[in-house]
């Protein structure tokens with residue numbers, strides 16, 4: 001059983017496998033699910049995940065995205081409050097030492113994302129006018145010297161290196177301005193850094209898809225911004241790269257889809273709709289109301305848009321699989337004319353033949369049932385009757401695994417809410433800035449946001465941060481068709497401790513100081529960066 005102690009925060013996990021670095025490819029298996037399962041069956045062992053270090057960045061938003069550089073043994077933390085990057089010496093992970101700050105304001109409004117590889121740090125920087133092209137700047141990790149910078153697309157956010165470090169990929173969200181009067185195109189910048197002094201940028205854009213709008217809509221891709229072209233509507237959020245570096249996938253969160261990108265040609269070769277989660281099925285339910293004064297996880301006549309934020313890729317038996325954290329996100333632009341898609345079910349006119357008392361267990365549109373649930377106005381409406389025949393909620397409140405072509409092979413269903421229903425240190429579905437019971441049940445629940453994969457022996461584990469209620473849930477995903485829950489750990493205590501996990505970083509034993517793998521979590525609301533040691537027993 002996991003042991004949780006707030007304070008020293010010693011967390012004992014029961015996992016399988018030993019702690020070592022091995023290739024991400026699992027050998028001697030085929031794509032057959034039974035063969036994958038056999039390959040994943042290894043001798044069990046025990047490890048501990050112990051919170052050994054912390055850096056307090058100074059309050060809310062002071063710790064967001066983290067990146068570790070194995071050459072300099074330094075940790076880089078995006079400080080969203082200041083738009084800068086805090087630099088921590090991590091030669092002793094239990095005692096991180098603040099040794100500097102990277103100020104990117106000469107290049108833009110502030111840092112959004114960060115990645116590190118081989119002594120080089122890449123920082124995504126949004127422009128002072130957020131709809132204008134942004135930049136990626138490259139720094140030497142040991143000296144913090146600016147090497148070069150490159151112009152990229154509008155609102156660059158997540159940035160990552162290819163596994164070999166020769167290419168940097170940037171998700172340029174291209175979000176509209178507050179009034180929704182300026183809507184730049186989304187894109188993915190692919191930057192050749194063979195010579196980091198002279199980075200070469202190519203753009204994987206979506207303009208070639210503008211003539212295929214009807215085809216995309218028919219396939220299930222959401223394209224719904226007012227007056228937006230396809231290229232304007234698609235907003236890359238996060239990127240995963242295949243272990244061989246040839247292919248990338250970008251989550252298109254608001255669009256409930258993935259962009260499939262050929263790295264060599266810098267081309268978006270496909271857009272993969274993710275479909276909807278049927279919350280009416282047994283085991284796939286959720287708690288729909290923040291006003292029922294109870295934990296009420298059950299099936300509902302609702303479809304969930306997966307809308308993943310973070311995504312990670314790994315290979316099993318020669319096939320690539322994708323792990324997503326299905327956070328959900330709504331478009332809310334409250335300027336004039338603006339655009340807001342979110343609505344309470346109670347404000348909508350429901351088709352009474354679909355949303356019956358028998359289906360909901362009471363009046364579907366009332367607060368103890370579905371009335372408080374936030375859904376999108378853009379789907380489910382019958383224009384002839386002006387009634388909603390289906391309801392679509394934001395996010396799937398889950399973690400999913402997909403094939404490379406966007407076929408879902410596993411989902412955690414309602415496990416995340418059930419895991420958090422009896423926490424001793426925080427109320428069920430509390431938000432990240434309050435300890436109010438049931439607070440987020442009407443709106444995306446625990447909100448899985450960040451996910452990272454780590455290899456421990458012959459096993460692959462997924463570590464996913466839950467943005468609202470907090471903590472990290474761990475699954476053994478060695479068999480992508482049948483992942484196994486390992487543990488869930490939470491180092492918040494009411495409205496203190498680690499609040500609002502945003503970025504999650506795994507550091508392998510080969511790269512980590514002291515030779516023991518680490519898990520590093522940037523907590524946005526508390527502004528704390530928590531360092532966990534993973535040790536073999």
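Quick grid of which residues meet (1) at pLDDT below 95; (2) more than 30 Å from residue 362 (Cβ to Cβ):
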{"position": "308", "(1), (2)": "no, yes"}
{"position": "313", "(1), (2)": "no, yes"}
{"position": "326", "(1), (2)": "no, no"}
{"position": "335", "(1), (2)": "yes, yes"}
{"position": "345", "(1), (2)": "no, no"}
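Looking at 415, 430, can you tell me which residue is at pLDDT 95 or above and surrounded by 23 or more Cβ atoms within 10 Å (Cβ to Cβ)? The match here is 430. For the stretch 330-385, filtered to residues that are part of a strand (DSSP E or B) and in contact with a helix residue (DSSP H, G or I) (Cβ under 7 Å, 6 or more places away or on another chain), the residue that is nearest to residue 280 (Cα to Cα) is 375. Residue 15 meets the conditions (1) crowded, with 16+ Cβ neighbours inside 10 Å; (2) under 24 Å from residue 467 (Cα atoms); (3) modelled with pLDDT of 95 or more; (4) more than 22 Å from the chain's Cα centre (by Cα) in every case but one. The failed one is (3). Among the residues of the stretch 89-145, those identified as without any contact (Cβ under 8 Å) to a residue 24 or more places away in the chain and assigned to a strand (DSSP E or B) are 89, 97, 101, 133, 140. Within the stretch 253-274, the set of residues being in contact with a helix residue (DSSP H, G or I) (Cβ under 9 Å, 6 or more places away or on another chain) and closer than 16 Å to residue 187 by Cα comprises 254, 255, 257, 267, 268, 271, 272.
Looking across the stretch 433-466 at every residue that is at positive phi and surrounded by fewer than 22 Cβ atoms within 10 Å (Cβ to Cβ), the one that is nearest to the chain's Cα centre (by Cα) is identified as 438. Look through the stretch 523-537, keep the residues that are assigned to a strand (DSSP E or B) and modelled with pLDDT of 95 or more, and return whichever of them is nearest to the chain's Cα centre (by Cα). Taking the candidates together, the pick is 523. Residue under question is residue 424, and the condition is that it be surrounded by 22 or more Cβ atoms within 10 Å (Cβ to Cβ) and farther than 26 Å from residue 254 by Cα; does it hold? Criteria not met by residue 424. In the stretch 164-254, counting only strands (runs of 3 or more DSSP E) that sit wholly within it, the ones holding 2 or more residues that are over 19 Å from the mean Cα position of the chain (by Cα) and either closer than 29 Å to residue 115 by Cα or at pLDDT below 95 (or both) span 187-192, 200-205.
Within the stretch 467-522, if we keep just the residues that are assigned to a strand (DSSP E or B) and touching a helix residue (DSSP H, G or I) at 6+ places or on another chain (Cβ under 7 Å), the residue that is surrounded by the fewest Cβ atoms within 10 Å (Cβ to Cβ) turns out to be 485.
The values are calculated or read from the model by the stated rules, or taken from the named source; none is laboratory data. These figures come from a predicted structure and were not determined experimentally. Counting neighbours? That spans all protein chains shown, and the Cβs are built from the backbone with ideal geometry, glycine included.
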